[in-house]
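Each remark here refers to the structure printed beneath this line.
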Amino acid sequence: MFDWIPISSYTAIYYNIMMILMLITLFRSYQFDFFEDSTIRFSRGIGIFLLLFVISYIGTRPISAVFQDMGVYAAAFKRIQRGDELVVQKDYIFNFFMIFSSKIMSPRWFFFLCALIYIIPCYLFSKKYGGSYWYYVFFIFVGSYMFWPFGTNGIRNGLGTSLFILALYFYERKFLMYAIMALSFGMHNSLIIPIAAFIVSAIYKNPKVYLFIWLAAIPLSLIGGGFWESFFGGLGFGDDTRAEDYLTKENTIKDAFAYTGFRWDFLFYSSFAAFAGWYFIFKKNITDKFYIHLWGVFMIANAFWILIIRANFSNRFAYLSWFLMAPVIAYPLLRYKLFPNQYRVVGVVIAIYYLFTYFMFLRG
C-alpha cells in the first residue's frame, strides 16, 4: 500500500505525521473545553483516522531488512513455505503461529496480521478505559518511544506485550485474563517479567512498596555495576541462551541502545510514569484498585530493567515496562476530574511525552 514511499523515509514519515497530530491536539486543547460535545466528536474522528493510519502504515510496510528482524522473519517464513522444518524450542505460540500462517497466507498478509495483533489491543484498552476520550490514550500508546521499533523490528516482543495489554482489557474476568497472559508468555518468554510483576503487585497492594522498590533499584544499579547483568543472565528467564546474549554479549546493531553505561536519559523517560503514579495516587488521592495495580506492574518491571540498565540489549527489557507507560500516564487524566483546565493539561502531557519520542528519533 505504501510501497511508493522510499524505504529510507518510511520511518521518518511516521514520526512526522505523529508530530502533526500532536500539534493539532495541543492547539485544540487551548481552544476548547474538555467536556463539551465538540471535543468528544474530535476524539472520535481523529482517533479513527489514527487507528486506520497506524494499522495500514505498519501492516503494509515493505518487507525489508531495513526493519532488521522483519527481514529475518520473512526469510524464515519463506523457508517454511518451501517445506523446510522449523525447529520449535522457545516462544512456542509465536513459532506455531508463523508455521500456521505460512500455510494459508503470504508474508505480506502475515505481517499485516502481526500489526493487527500489535495495535488492536491498544485500541481496545483505550476504548474501554478512556471512554469517549479514547484517542488520547491511544495516541500515547502509538506515540511512545519504542512503539514503532517493536512493531517493525522486535516483533515478537511487541506481540507479547500487546497480548498482555489485551489481558488487562479483561481485568474483571480473571481466568480469561490469566489465559491471555499465558499466551503472551508463549509469544515471547520475556513476558515472564511483567507477569511476575503483576502477580507480586496483586499480593502486595501497598503503592508505597512499589515506589520503594523503584527508588531502591537506582542506587543498587549504580553500586552493583555489571553484577546484575551477569546475575540475571545466568538465571535465563526460561531461555538461557537468549537472556545471556541480551545481557552480556556485544550489541552489533546501531540504535539508541548501541552504547552502554548507566542510561540517565532513559531513566528520565521512565520517571514520567513513576512520577505520574506518585502524583495521582499520593497527591490526588486516587484509590482506583486497577490503576494502583497497573502502576505496581510498571514500577516492579521497570525496577528490574534499572538493575540491568547497562546491558547491550536492555531495550528488550526496558520495553517490558515501557509498554505500560501510556495507561499509567493517561488513565487518571481521562477517568477523573483533577484540574480546572484539564484539557490543557492533557494536551501538554501528550506534547511533552511525544516530544521525547521525537527528539530521540531525531538523535538517531
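Annotation: of all residues in the range 1-52 being in contact with a Pro (Cβ under 8 Å, 6 or more places away or on another chain) and at pLDDT 90 or above, the one that is nearest to residue 360 (Cα to Cα) is 10. Pairs linking a residue in the range 1-19 that is in a loop (DSSP other than H, G, I, E, B) to a residue that is at pLDDT 95 or above and of a type in the set (A, V, I, L, M, F, W, C), with Cβ atoms under 7 Å and 6 or more positions apart or on different chains, are 5/13.
Please go through the range 314-364 and pick out each residue that is outside any helix (DSSP H, G or I) and surrounded by fewer than 22 Cβ atoms within 10 Å (Cβ to Cβ).
Of the residues in the range 314-364, the ones outside any helix (DSSP H, G or I) are 323-324, 336-341, 364.
336, 337, 338, 339, 340, 341, 364 - these are the residues of the range 314-364 that are outside any helix (DSSP H, G or I) and surrounded by fewer than 22 Cβ atoms within 10 Å (Cβ to Cβ).
The numbered conditions (1) more than 21 Å from residue 212 (Cα to Cα); (2) over 21 Å from the mean Cα position of the chain (by Cα) are all true for residue 283 except (1).
Of all residues in the range 35-66, exactly one satisfies the criterion of being among the aromatic types (Phe, Trp, Tyr) and over 17 Å from residue 134 (Cβ atoms), namely 57.
Selection of the range 167-179 for residues being of a type outside the set (Gly, Ala, Ser), farther than 26 Å from residue 44 by Cβ and part of a helix (DSSP H, G or I) yields 174, 175, 176, 177, 178.
Scanning the range 53-80 for residues that are crowded, with 17+ Cβ neighbours inside 10 Å, of a type in the set (Ser, Thr, Tyr) and at pLDDT below 95 returns a single hit, 73. Restricting the range 286-303 to residues that are in a helix (DSSP H, G or I) and surrounded by fewer than 23 Cβ atoms within 10 Å (Cβ to Cβ), which is farthest from the chain's Cα centre (by Cα)? Result: 289. In the set (1) out of contact with any Ser or Thr (no Cβ under 9 Å at 6 or more places or on another chain); (2) over 29 Å from residue 111 (Cβ atoms), residue 40 fails one condition alone, (1). Could you tell me whether any residue of the range 108-118 is under 10 Å from the mean Cα position of the chain (by Cα) and either in contact (Cβ under 8 Å) with a residue 40 or more places away in the chain or under 28 Å from residue 334 (Cβ atoms) (or both)? Taking every residue of the range 108-118 in turn, at least one turns out to be under 10 Å from the mean Cα position of the chain (by Cα) and either in contact (Cβ under 8 Å) with a residue 40 or more places away in the chain or under 28 Å from residue 334 (Cβ atoms) (or both). Of all residues in the range 96-126, those that are out of contact with any Leu (no Cβ under 8 Å at 6 or more places or on another chain) and crowded, with 18+ Cβ neighbours inside 10 Å total 9.
Being part of a helix (DSSP H, G or I) and over 18 Å from the mean Cα position of the chain (by Cα) narrows it down to one residue among 164, 141, 150, 77; which is it? Write out each step before concluding.
Numbers: 164 fails: over 18 Å from the mean Cα position of the chain (by Cα); 141 fails: over 18 Å from the mean Cα position of the chain (by Cα); 150 fails: over 18 Å from the mean Cα position of the chain (by Cα).
On inspection, the qualifying residue turns out to be 77.
Scanning the range 321-340 for residues that are more than 15 Å from the chain's Cα centre (by Cα) and without any contact (Cβ under 8 Å) to a residue 60 or more places away in the chain returns 332, 336, 337, 338, 339, 340.
Cβ-Cβ contacts under 7 Å between residues 6 or more apart (or on different chains), taken from a first residue in the range 136-151 that is more than 24 Å from residue 335 (Cβ to Cβ) and crowded, with 24+ Cβ neighbours inside 10 Å to a second residue that is aliphatic (A, V, I, L, M) and at pLDDT 95 or above, are listed as 151/58; 151/115.
Screening the range 24-47 for residues that are in contact (Cβ under 8 Å) with a residue 40 or more places away in the chain and among the aliphatic types (A, V, I, L, M) and picking the one that is surrounded by the fewest Cβ atoms within 10 Å (Cβ to Cβ) gives 40.
Of all residues in the range 48-82, which are of a type in the set (Gly, Ala, Ser) and free of Cβ contacts under 8 Å to residues at least 40 places away in the same chain? Show your work before the answer.
Going residue by residue through the range 48-82, those that are of a type in the set (Gly, Ala, Ser) are 56, 59, 64-65, 71, 74-76.
Correct list: 65, 71, 74, 75, 76.
With respect to the stated conditions, residue 101 is over 23 Å from residue 273 (Cβ atoms), of a type in the set (Ser, Thr, Tyr), part of a helix (DSSP H, G or I) and touching a helix residue (DSSP H, G or I) at 6+ places or on another chain (Cβ under 6 Å).
The values are calculated or read from the model by the stated rules, or taken from the named source; none is laboratory data. Here the structure is a predicted model, which means the values were calculated and not measured. Reconstructed Cβ throughout: ideal geometry from the backbone, glycine too, with neighbour counts over all protein chains shown.
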